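The values are calculated or read from the model by the stated rules, or taken from the named source; none is laboratory data. Since this is a predicted model, take the numbers as computed values, not measurements. We place every Cβ from the backbone using ideal geometry, glycine too, and count neighbours over all the protein chains shown.
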Amino acid sequence: MIFRILTGLVDEAAVVKTKAEHYMARFANDEITVFKHWSEEATYLYLAKGKRATFVGMTGPPTLDKIEEAAKRLVTVPEDPLYVPLGGPQPVNYSEPAEGFEKIPDLVKTAIDVAEGVERSAGVVHMIYIVVEYRDTAGRSGSYSANRVYLAMRSFIGDLSATSTSAGRKLADIKAEEVGKRNAQILHAAKGLPQVKIEPRRADVLLSPLVFGHLIGEVASSWASGSEILTGSSRYTKDDLGKEVASPILTVLDITSDKAAHGFTPFDLEGVPTRPIEIYRKGIFAGVLHTRRTAHALGMEPTGHALRNWAMPSPGHIYIAPADGPEDAEELFRELKNGYYIHNNWYTRFQNVKTGQFSTVGRDVVLEIKDGKPVAVVKFVRIADTLENVVKNIAVLSKETSQVYWWDMPTPVHAPYAVLKNIGITT
């Protein structure tokens, strides 16, 4: 129907239709308080006439008026300097049945029960079943369906709190026991310790997979995106490919094409199949995330990363390769020796994206570590530094990764624990 309406109004069109079924259980004080289901439907249009192009998104089924309005908008826009004709490989079809939601309460109970000694826990399990259809006037079409789910739980002892998460594609992927045990372990390490404030300083820090994964997700979004490189907003240029720009133990990939990844997406909004991309290889800047438009402009190949819109390529799921560091928290404290353990973060803000100057607020417990042991709970901590120092100052990565995601993370991620040297912290 949409293509018939657009006949004569545009030269090219691509239509992406999405339908998502959401199932969510919220819990507080160790009990499920809300269990709800809702549906979302959206349509995204790419329209071109000559070299003029526009992108339109609309919630719900598209109407005749909205489609015609989008087509008429082409008259008012300038020619697109990144225009490329529609085309490329056929989208990869993929289908899987919707995951049953009946076992969601079991996950909640397991996570709560294994968090021994905590006073109460609260959190959410959010499961999504998404169906996507793509079609364009170049004769390309495809569809996929996929499940995604994550558990996030925050536990409390007095005024102390700790948050852990687990993400995957099926309910069976969620490591509820690990979430509960991790919260309990950190809270018991903090219980009874004096609470202190610190002066701004540079120090060694141990970051949990949540925090480290969050920051590397920001790096991938800001510095490895083809659109950011084209506009000069990235720290890197095309000429930096092949150069050592980070710690030699840092290897980062986008694995959106991996069926086991929470962010698994078979093809993007351009219908281009996603493929794994090395961003860092042992500290070397190895790859860039592209749409067809940014790839053409930089003389490179599309990677299938028009995941959020047609204009800006973005990561769908990040994998940070582990190294040979310990995986147990107490052993990691000993590895850190002296510094601060930051368990969770939020309110990440940038003062300058190109230089990567940022700050992020420590949420929940932050521990001061001396001689490998927790000695105090630090109140009101922020990391305030540059992303360049984050990627360059990595000294230790644990030998295991955790697949984590929650609503305040930019990108789902497989991440290890990380020890970073000489990082700016403040209040």
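Considering Ala42, Ala48, Ala71, which residue is surrounded by 14 or more Cβ atoms within 10 Å (Cβ to Cβ) and touching an Asp or Glu at 6+ places or on another chain (Cβ under 9 Å)?
Working: Ala42 fails: touching an Asp or Glu at 6+ places or on another chain (Cβ under 9 Å); Ala71 fails: touching an Asp or Glu at 6+ places or on another chain (Cβ under 9 Å).
Exactly one of Ala42, Ala48, Ala71 is surrounded by 14 or more Cβ atoms within 10 Å (Cβ to Cβ) and touching an Asp or Glu at 6+ places or on another chain (Cβ under 9 Å), namely Ala48.
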Could you tell me which residue of the stretch 203-260 is nearest to Arg275 (Cα to Cα), considering only residues that are among the polar types (S, T, N, Q) and within 16 Å of the chain's Cα centre (by Cα)?
Ser257
Checked the stretch 383-413 for anything at pLDDT below 95 and among the aromatic types (Phe, Trp, Tyr); matches are Trp407
Within the stretch 306-324, which residues are in contact (Cβ under 8 Å) with a residue 60 or more places away in the chain and farther than 21 Å from Glu244 by Cβ?
Asn309, Trp310, Ala311, Met312, Pro313, Ser314, Pro315, Gly316, His317
If Glu12 satisfies all but one of (1) of a type in the set (D, E, K, R); (2) out of contact with any helix residue (DSSP H, G or I) (no Cβ under 9 Å at 6 or more places or on another chain); (3) without any contact (Cβ under 8 Å) to a residue 40 or more places away in the chain, what's the number of the condition it fails?
(3)
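Scan the stretch 58-68 residue by residue and report those that are touching a residue at least 40 places away in the same chain (Cβ under 8 Å) and either assigned to a strand (DSSP E or B) or among the charged types (D, E, K, R) (or both).
We begin by selecting, within the stretch 58-68, every residue touching a residue at least 40 places away in the same chain (Cβ under 8 Å); these are 62, 64, 67-68.
Across the stretch 58-68, the qualifying residue is only Glu68.
Hey, can you tell me all the residues within the stretch 1-18 that are assigned to a strand (DSSP E or B) and either on the phi > 0 side of the Ramachandran plot or surrounded by 15 or more Cβ atoms within 10 Å (Cβ to Cβ) (or both)?
Filtering the stretch 1-18 down to residues assigned to a strand (DSSP E or B) leaves 7, 10, 12-18.
Of everything in the stretch 1-18, those that are assigned to a strand (DSSP E or B) and either on the phi > 0 side of the Ramachandran plot or surrounded by 15 or more Cβ atoms within 10 Å (Cβ to Cβ) (or both) turn out to be Val10, Glu12, Ala13, Ala14, Val15, Val16, Lys17, Thr18.
Restrict the check to the stretch 68-84 and report whether at least one residue is in the same structural domain as Arg140 (by the TED database) and within 26 Å of the chain's Cα centre (by Cα). I'd like the intermediate steps shown before the answer.
In the first step, residues of the stretch 68-84 are kept if they are in the same structural domain as Arg140 (by the TED database); the result is 68-84.
After this cut, where a residue has to be within 26 Å of the chain's Cα centre (by Cα) as well, the list is none.
No, the conditions are met nowhere in the stretch 68-84.
Residue-wise test of (1) touching a residue at least 60 places away in the same chain (Cβ under 8 Å); (2) farther than 27 Å from Trp407 by Cα.
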residue	(1), (2)
Ile157	no, no
Glu178	yes, no
Ala189	yes, no
Lys197	yes, yes
Pro200	yes, yes
Gly213	yes, no
Gly232	yes, yes
Leu241	no, yes
Pro248	no, yes
The stretch 19-34 - residue that is closer than 15 Å to Tyr150 by Cα and among the hydrophobic types (A, V, I, L, M, F, W, C) and, of those, surrounded by the most Cβ atoms within 10 Å (Cβ to Cβ)
Phe27
State which residue pairs qualify: first residue among the basic types (Lys, Arg) and inside the stretch 23-40, second residue surrounded by 14 or more Cβ atoms within 10 Å (Cβ to Cβ) in any location, beta carbons under 6 Å apart, and separation of 6 or more residues or different chains.
Arg26/Val124; Lys36/Met24
Could you please find all residues in the stretch 328-382 being over 20 Å from the mean Cα position of the chain (by Cα), farther than 20 Å from Ala395 by Cα, basic (Lys, Arg) and at pLDDT 95 or above?
Arg382
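Per-residue answers, yes or no, for (1) closer than 29 Å to Lys399 by Cα; (2) surrounded by fewer than 19 Cβ atoms within 10 Å (Cβ to Cβ); (3) assigned by the TED database to the domain that holds Tyr347; (4) out of contact with any His (no Cβ under 8 Å at 6 or more places or on another chain):
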site	(1), (2), (3), (4)
Ser208	yes, no, yes, no
Val211	yes, no, yes, no
Ile229	no, no, yes, yes
Gly242	yes, yes, yes, yes
Ile255	yes, no, yes, no
Lys259	yes, yes, yes, yes
